[in-house]
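Note sheet for the following structure.
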Amino acid sequence: MDITPTPVRPEPPGERDKSSELAGSTRPGDRIFLALSRGSGITLLVIMATIAAFLTYRAVIALAENDGNFLTTFEWNANADPPVFGIPVLVFGTIVSSIIAMVIAVPVAVGIALFISHYAPRKLATPLAYVIDLLAAVPSIVYGLWGALFLVPHLGGLYEWLDQFFGWTGVFSYDGGAARSLFTVGILLAIMILPIVTNVSREVFKQSPKLHEEAALALGATRWEVIRMSVLPFGRSGVISASMLGLGRALGETMAVATVLSPSFLIQASLLEPGGGTFAQNIAAGFNEATQTGRDALIASGLVLFLITLVVNGAARMVIARHKEYSGANA
């Protein structure tokens, strides 16, 4: 019987544990870099855990004094005795305004990203990319002032048009008045998240394999067919990740929403009617005048927003980690 040992296949160099190499390195620079990297990661985790512990502690205090149900009470009167407060209106307003922003921003952002990366000449694409980058640098309060002083007064015509053709649905019915509704907030948030989704999508589209595009063109495909069959499938995961990052920004926006929205603790059937509220707007509007219990109640709502945002950003990172096929495609 042959008892010759089976040769062991050597492990490819690219699959070695980089951290083990650094840990076993005798170079002082490698050891210092490894220590700083680990320390930075641990510090970040400690900060996040501290924030979560603080929010949880104050939220437990507030919920113990709440005379209503935190998950079902359509009222926010945390300064009363006894305090009564709940988050259904805040959950509804935050999610609806963010969904409106995503529906408007993502198609426009993908179109701009494709235009910059595959259609526009270099002399036009470069300054256009700079302008998109500048949108991300505009402070939130500036967006809020522009929305309150310009966007709100000029949306009456759009609201009337939506009411004329889609008012029968009840979702777009409009009875007049100032356009300080969740729909206006969604439009403003769409403008704010546009540069985030555009920039990430543009970088993903630029990484699409050039050989695939050239092969499709050589076979007689049109420019749109190349994008539809090669670029978009390749960049799908990147667009999803960019959209989720933009969603995280929309969920937590504060000052712009507080400046534009006319808050109320009523869930309106129509998106065009003034009213509603979001987590961040409610915290910004009520924190200064709140009592100790009222502040704890606001912190409890902040804990819910913290968890929602954490889940969204975590899902975005999971999508990026599971779809790395665009990394180094043109190297």
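The values are calculated or read from the model by the stated rules, or taken from the named source; none is laboratory data. Only a predicted model underlies this, so the values are computations on that prediction, with no experimental measurement involved. In this analysis, Cβ positions are derived from the backbone assuming ideal geometry, glycine residues included, and neighbour counts consider all displayed protein chains.
So if I check each of Glu65, Glu75, which one is under 28 Å from Phe183 (Cα atoms) and acidic (Asp, Glu)? Criteria check complete, one pass: Glu75. Phe70 fulfils the conditions (1) assigned by TED's automatic domain parsing to the domain that holds Leu245; (2) in a loop (DSSP other than H, G, I, E, B) except for a single criterion, (1). Among the residues of region 177-207, just one is more than 25 Å from Val103 (Cβ to Cβ) and either at pLDDT 90 or above or not basic (Lys, Arg) (or both), namely Gln207. Only a single criterion out of (1) out of contact with any helix residue (DSSP H, G or I) (no Cβ under 6 Å at 6 or more places or on another chain); (2) hydrophobic (A, V, I, L, M, F, W, C); (3) closer than 30 Å to Val226 by Cβ; (4) modelled with pLDDT under 90 is not satisfied by Val108, namely (4). Screening Arg31, Arg38, Arg58 for residues that are farther than 29 Å from Ala256 by Cα, within 33 Å of the chain's Cα centre (by Cα) and either surrounded by 15 or more Cβ atoms within 10 Å (Cβ to Cβ) or modelled with pLDDT of 80 or more (or both) leaves exactly one candidate, Arg38.
Can Phe92 be described as touching a Leu at 6+ places or on another chain (Cβ under 9 Å) and in a loop (DSSP other than H, G, I, E, B)?
On the way: touching a Leu at 6+ places or on another chain (Cβ under 9 Å): yes; in a loop (DSSP other than H, G, I, E, B): no.
So Phe92 fails the test.
Would it be correct to say that Leu261 is in contact with a Pro (Cβ under 9 Å, 6 or more places away or on another chain) and either crowded, with 19+ Cβ neighbours inside 10 Å or without any contact (Cβ under 8 Å) to a residue 12 or more places away in the chain (or both)? Yes, satisfied.
In the set Ala256, Ala216, which member is in contact with a helix residue (DSSP H, G or I) (Cβ under 6 Å, 6 or more places away or on another chain) and under 30 Å from Phe85 (Cβ atoms)? Full working, then the answer.
Working: Ala216 fails: under 30 Å from Phe85 (Cβ atoms).
After ruling out the rest, the residue left standing is Ala256.
Yes or no: Ala129 at pLDDT below 90, in a helix (DSSP H, G or I) and crowded, with 17+ Cβ neighbours inside 10 Å?
On the way: at pLDDT below 90: yes; in a helix (DSSP H, G or I): yes; crowded, with 17+ Cβ neighbours inside 10 Å: yes.
Considered against the rule, which asks whether it is at pLDDT below 90, in a helix (DSSP H, G or I) and crowded, with 17+ Cβ neighbours inside 10 Å, Ala129 comes out as yes.
Within the set Glu65, Glu75, the sole residue that is at pLDDT 85 or above and touching a Pro at 6+ places or on another chain (Cβ under 7 Å) turns out to be Glu65.
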